[in-house]
């Protein structure tokens, strides 16, 4: 999966939003990495003791997959 950050768009962002919704974030699955998606990513990163930067890289992907 590609590294994702605010203002990215596309299928990978839709997949990310669907996965975050499995954690009860209630995001609109539209493929646009906007402020609400970034806030959900940061909250997830904080809860799982990751670097809180709002960027979805390998460590965040691994945590999403493992939990």
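Every read-out reported here was derived from the displayed coordinates using simple, explicitly stated rules and does not represent laboratory data. Since we're looking at a predicted model, the values are computed, not measured. When we count neighbours, we look across all protein chains shown, and the Cβ atoms used for this are built from the backbone with ideal geometry, even at glycine.
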Based on DSSP H runs of at least 4 residues, each adding -39500 (n - 2.57), what is the mean residue ellipticity at 222 nm of the chain after dividing by all its residues, to the nearest 500 deg cm²/dmol?
-15500 deg cm²/dmol
Taking the structure as given and computing semi-axes √(5λ) of the Cα gyration tensor in Å, which label from (i) 25, 19, 7; (ii) 16, 12, 11; (iii) 19, 11, 10 fits?
(ii)
On C-alpha positions alone, give me the angle between the axis of helix 35-47 and the longest principal axis of the chain, in degrees, nearest 10.
10 degrees
Kindly rank 35-43, 16-24, 59-67 from highest to lowest mean number of other beta carbons found within 10 Å of each residue.
35-43, 16-24, 59-67
In degrees rounded to 10, the 0-90 angle between helix 11-22 Cα long axis and the longest Cα principal axis of the chain is 50 degrees
